[in-house]
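Student: The structure under discussion is supplied below as structure tokens; questions concerning it will follow.
The values are calculated or read from the model by the stated rules, or taken from the named source; none is laboratory data. No experiment lies behind these values; they were computed from the predicted model shown. When we count neighbours, we look across all protein chains shown, and the Cβ atoms used for this are built from the backbone with ideal geometry, even at glycine.
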Amino acid sequence: MKKWMQFLVLITSITSASVLLASGGEGGGSQMPPVTNAKWKAECGSCHMLYHPGLLPERSWNKMMAGLDKHFGENASLDAATRDEITRFLALNSADKQDNRRSSRINQSIPASATPLRISETRYFISKHDEVSASTFKRKSIGSAANCVACHKGAEKGDFSESQVKIPR
Ligand code: HEC
Ligand code: HEC
């Protein structure tokens, strides 16, 4: 290879590396990576969509998993072994353990003194949805703000990118 060509290859690889870094933001990427666990999928996806663990901090998941008998007006109790396995999975992948920009923004929007159980009540969620009216969330095709997957088709995989947002009628 000619010297100038080697130089060109070098510059090209440096440029693409820095583009990757820029899209990566604070180290681990801007989007939450998809994560899964069989018990979580079976037990936490039976009444509603699966909420990615990176949407809430560990203390929120711990509190939720300790009160499953009174889960938003439902009894979602599990046997101790299943509950403990799911709790560990949620904790390991929680917003304060994840290295991606989305999760750290959510985490930073929650005061240290608060332990929210609803993603839809975090400051981050509210600021991102200030243009969606209450009546839109109540549409039959949506139901409530908690039904992320109605508008974000990749929600269960942790994909909330703006280009994928589509509000159903
Ligand atoms: C028996 C049915 C049922 C099961 C099983 C269940 N949930 Fe729920 N969950 C609900 C209901 C009902 C709501 C409130 C939904 C709404 O407001 O639209 C809810 C809400 C939530 C929310 C809040 C969403 C938001 O941001 O407003 C989270 C997070 C959640 N559930 C996580 C879990 C996890 C984790 C599990 C598994 C351990 C689980 N759920 C199992 C019924 C259930
Ligand atoms: C009624 C439809 C609807 C529902 C339901 C909904 N969203 Fe959204 N979401 C939107 C719209 C619209 C935007 C703004 C997109 C834009 O700025 O172009 C948005 C933006 C976001 C963003 C920011 C995207 C970005 O990159 O800036 C995140 C994260 C997000 N939503 C998460 C959620 C979560 C988590 C839930 C469920 C707890 C949810 N959304 C429920 C419509 C919805």
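Matching residues to (1) within 14 Å of ligand 2 (Cβ to nearest atom); (2) modelled with pLDDT of 95 or more; (3) among the aliphatic types (A, V, I, L, M); (4) closer than 22 Å to PHE125 by Cβ:
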position	(1), (2), (3), (4)
HIS52	yes, yes, no, yes
LEU56	yes, yes, yes, yes
GLY73	no, yes, no, yes
LEU90	no, yes, yes, yes
ASP99	no, no, no, yes
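Student: LEU90 is checked against (1) surrounded by fewer than 16 Cβ atoms within 10 Å (Cβ to Cβ); (2) in contact (Cβ under 8 Å) with a residue 40 or more places away in the chain; (3) within 14 Å of ligand 1 (Cβ to nearest atom) and fails just one. What number does that condition carry?
Tutor: With (1) surrounded by fewer than 16 Cβ atoms within 10 Å (Cβ to Cβ); (2) in contact (Cβ under 8 Å) with a residue 40 or more places away in the chain; (3) within 14 Å of ligand 1 (Cβ to nearest atom) applied to LEU90, the lone miss is (1).
Student: Kindly indicate which of SER104, SER127, SER94, SER120 is closer than 17 Å to ALA146 by Cα, under 14 Å from the mean Cα position of the chain (by Cα) and of a type in the set (Ser, Thr, Tyr). Give the derivation first.
Tutor: Details: SER104 fails: closer than 17 Å to ALA146 by Cα; SER127 fails: under 14 Å from the mean Cα position of the chain (by Cα); SER94 fails: closer than 17 Å to ALA146 by Cα.
Sole residue among the options that is closer than 17 Å to ALA146 by Cα, under 14 Å from the mean Cα position of the chain (by Cα) and of a type in the set (Ser, Thr, Tyr): SER120.
Student: Looking at the structure I just gave you, is SER46 closer than 20 Å to SER77 by Cα, modelled with pLDDT of 95 or more, buried (at least 18 other Cβ atoms within 10 Å of the Cβ) and of a type in the set (Gly, Ala, Ser)?
Tutor: no
Student: Moving on. Quick check on the range 112-126. Is at least one of its residues more than 16 Å from ligand 1 (Cβ to nearest atom) and either modelled with pLDDT of 95 or more or among the aliphatic types (A, V, I, L, M) (or both)? Show your work before the answer.
Tutor: Filtering the range 112-126 for residues more than 16 Å from ligand 1 (Cβ to nearest atom) gives 112-113.
Next, from what is left, pick out any that are either modelled with pLDDT of 95 or more or among the aliphatic types (A, V, I, L, M) (or both): 112-113.
Yes, some residue in the range 112-126 is more than 16 Å from ligand 1 (Cβ to nearest atom) and either modelled with pLDDT of 95 or more or among the aliphatic types (A, V, I, L, M) (or both).
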